[in-house]
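*Asks:* Supplied in structure tokens, the structure appears directly below.
The values are calculated or read from the model by the stated rules, or taken from the named source; none is laboratory data. These numbers come from a predicted model, not from an experiment. Cβ atoms come from the backbone with ideal geometry, glycine included; neighbour counts cover every protein chain shown. SASA here: full protein model, heavy atoms, side chains in, ligands and nucleic acids out. Shrake-Rupley method; radii C 1.70, N 1.55, O 1.52, S 1.80 Å.
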Amino acid sequence: MRVVLAAAAFCVYCAVFAGVSAWLSGVFKAHPGPAFLRLAASFSASAAAVLAATAVLTFVFGRFFCSFLCPFGLFQDAVSVLRAGKRGPGSDYAVLRYAVLGAVLGASVCGSAAGFLLVEPYSNFGRMAAFSSGAVVVFVLITAAAVWKKRLFCVSLCPVGTVLGCISRHSLFRMRIAGNCVKCGICAMKCPTGCIDAVTGTVDGERCILCMQCIDVCRTGALKYVPSFSREGMEPHPDQSRRRFIIKGAAVAAGAAAGAVIAKTAGGILGGRTSVTGVLPPGAGSIGRFASKCTSCQLCTVNCPSGIIVPARFGIGPVSVDLSKGSCLFSCNTCSRVCPTGAIRLLELEEKQRLRIASAVFNAGACIAFQEFQEGTRCGLCAKACPTGAFSLRSNGTPVFRKDRCIGCGACAAACAAKPRKFISGGVEVNAVVMEEIPEQTFAARESAPGV
């Protein structure tokens with residue numbers, strides 16, 4: 001049942017990142033990583049509900065999310081079959097994973113999503129599934145790690161898994177090893193996270209992801225999934241030593257300090273990695289804000305109907321809008337609906353239709369209507385394409401541009417029939433309409449063109 005459910009979830013994730021249907025992207029808003037970022041971006045009742053529900057279900061059933069629903073974890077399971085033979089018991093990378101958790105939280109508290117961008121499982125899977133420019137490195141590293149030690153990423157780096165593990169350690173239902181265990185060690189060799197100690201007969205509830213593979217291979221039926229208050233099976237003997245608690249706490253503190261430093265330096269670096277023009281999707285706000293919230297999951301890039309949202313260089317950094325590829329559709333707010341982290345603020349269509357994401361610059365010297373005015377040429381394509389009435393036509397057919405109505409959607413530039421003309425001074429080629437970036441998104445005048 002676990003395999004079937006996990007396979008179904010994995011297919012849905014792949015379909016979402018293939019751009020099959022934007023409405024399916026809502027499943028990622030139910031993931032704890034994006035929900036945490038959405039809550040941090042601006043308070044969201046739905047994000048708070050997702051985090052609360054995940055915590056409660058994990059406390060009751062254990063760390064089921066990593067085995068049933070995490071796309072990055074399911075990918076590792078699929079890749080790990082490439083290595084034949086038995087695997088030995090895994091190591092507990094407690095200090096490393098708590099340091100990573102501290103760094104991610106520290107950066108988040110300081111207003112940066114840089115930590116999530118690098119190690120959050122959902123975002124990394126998104127870059128791979130969307131075949132973004134930065135996916136190759138992630139794919140090679142995670143594939144090598146999974147072939148070597150299966151769920152190594154989950155045990156040593158994943159901040160979401162670390163938090164769920166802390167809760168799962170005290171869950172009401174957990175794996176136990178009964179007294180009829182013969183200590184053959186097969187279960188420990190099969191375990192993808194190395195959480196089983198066959199010698200002492202214990203299962204580390206913090207690392208156990210409830211994959212149930214140990215139950216499947218146990219020849220004596222010693223492994224059972226039972227209530228924590230049940231007397232059946234051995235006690236899990238959790239390590240509650242003061243020394244271990246202090247070490248973990250120190251790792252979190254050190255990681256948090258490092259995360260604060262990352263947050264201070266990452267803003268400028270990531271902000272400078274916006275590709276092409278620096279134009280951002282509607283709802284992103286300023287480049288600084290967007291760079292601190294976007295985890296480059298690529299969900300907006302694959303679902304944009306115009307294909308104008310593009311990844312940053314090498315896929316590391318916030319996405320941006322390339323208006324040379326087309327225009328931002330006036331009747332579309334898909335990117336704000338699919339964004340699971342709140343980096344692109346959710347906008348109602350009416351609000352989005354007033355939001356200025358760029359600015360058009362009109363060059364009459366390159367316009368067909370002005371250049372061939374004596375011949376009576378009437379073009380008017382810019383006025384026909386403009387959805388807000390920023391472009392209108394005089395009685396003689398020449399266009400008039402009102403900048404206060406322009407939202408920078410790029411429809412005029414995409415429709416313009418004029419070829420670039422060279423100005424005499426310097427021989428610089430200039431289009432009739434050029435789209436320029438703006439420092440921060442603002443609202444344009446409300447008045448619309450006739451018939452819009």
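*Asks:* With the condition being open to solvent by less than 10 Å² (accessible area, probe 1.4 Å) and charged (D, E, K, R), I'd like the helices (runs of 4 or more DSSP H) fully within region 121-212 carrying at least 1 qualifying residues.
*Replies:* 121-129
*Asks:* Hey, another quick one. Taking region 59-78, which residues are assigned to a helix (DSSP H, G or I) and either under 15 Å from the mean Cα position of the chain (by Cα) or within 25 Å of residue 107 (Cα to Cα) (or both)?
*Replies:* Across region 59-78, the qualifying residues are 65, 66, 71, 72, 73.
*Asks:* Within region 44-57, is even one residue closer than 19 Å to residue 143 by Cα, open to solvent by 10 Å² or more (accessible area, probe 1.4 Å), modelled with pLDDT under 90 and among the small types (Gly, Ala, Ser)? I'd like the intermediate steps shown before the answer.
*Replies:* Filtering region 44-57 down to residues closer than 19 Å to residue 143 by Cα leaves none.
No - not one qualifying residue is present in region 44-57.
*Asks:* Only one of (1) part of a helix (DSSP H, G or I); (2) farther than 28 Å from residue 212 by Cβ; (3) over 17 Å from the mean Cα position of the chain (by Cα) fails for residue 43. Which number is that?
*Replies:* Result: residue 43 passes all but (1).
*Asks:* Then there is this: Restricting to region 281-320, and then to whatever is more than 12 Å from the chain's Cα centre (by Cα) and charged (D, E, K, R), can you tell me which residue is farthest from residue 136 (Cα to Cα)?
*Replies:* Once the filter is applied, the top-ranked residue is 289.
*Asks:* For the subset of region 219-259 comprising residues that are within 21 Å of residue 106 (Cβ to Cβ) and at pLDDT below 85, which member is surrounded by the most Cβ atoms within 10 Å (Cβ to Cβ)? Before the answer, list the steps.
*Replies:* Within region 219-259, the first condition is being within 21 Å of residue 106 (Cβ to Cβ), and the residues that meet it are 245-259.
Within this subset, residues satisfying the condition of being at pLDDT below 85 are 245, 259.
Numbers: 245: 11, 259: 27.
Only one residue tops the list, namely 259.
*Asks:* Listed residues 359, 392; which is open to solvent by 40 Å² or more (accessible area, probe 1.4 Å) and either more than 12 Å from residue 432 (Cα to Cα) or part of a loop (DSSP other than H, G, I, E, B) (or both)? Walk me through how you get there before you give the answer.
*Replies:* On the way: 359 fails: open to solvent by 40 Å² or more (accessible area, probe 1.4 Å).
Going through 359, 392 in turn, the sole match is 392.
*Asks:* Next up: Restricting the search to region 282-291, which residues are open to solvent by 20 Å² or more (accessible area, probe 1.4 Å) and touching a helix residue (DSSP H, G or I) at 6+ places or on another chain (Cβ under 8 Å)?
*Replies:* Result: 287, 288.
*Asks:* Among residues belonging to region 316-356 that are outside any loop (DSSP other than H, G, I, E, B) and acidic (Asp, Glu), point out the one that is most open to solvent (accessible area, probe 1.4 Å).
*Replies:* Per the stated criteria, the residue is 350.
*Asks:* Kindly indicate whether any position in region 365-381 is in a helix (DSSP H, G or I), modelled with pLDDT of 90 or more and under 21 Å from residue 433 (Cα atoms).
*Replies:* From region 365-381, those in a helix (DSSP H, G or I) are 365-366, 368-371, 373-375, 381; that's our starting set.
In the following step, the residues that additionally are modelled with pLDDT of 90 or more were identified as 381.
From what's left, under 21 Å from residue 433 (Cα atoms): 381.
Looking for residues that are in a helix (DSSP H, G or I), modelled with pLDDT of 90 or more and under 21 Å from residue 433 (Cα atoms), one finds at least one in region 365-381, hence yes.
*Asks:* While we're here: Take the residues in region 164-184 that are among the small types (Gly, Ala, Ser) and without any contact (Cβ under 8 Å) to a residue 60 or more places away in the chain, then tell me which one is nearest to residue 148 (Cα to Cα).
*Replies:* Among those residues, the one meeting the criterion is 178.
*Asks:* Condition first: over 21 Å from residue 326 (Cα atoms) and either modelled with pLDDT under 90 or open to solvent by less than 80 Å² (accessible area, probe 1.4 Å) (or both). Now tell me which residues in region 400-438 satisfy that.
*Replies:* So the first thing to find is which residues in region 400-438 are over 21 Å from residue 326 (Cα atoms), and the list is 400, 402, 404, 422-428.
Passing the criteria: 400, 404, 422, 423, 424, 425, 426, 427, 428.
*Asks:* Which of the following residues is in contact with a helix residue (DSSP H, G or I) (Cβ under 7 Å, 6 or more places away or on another chain), of a type in the set (D, E, K, R) and at pLDDT 85 or above: 2, 83, 87, 97?
*Replies:* It is 97.
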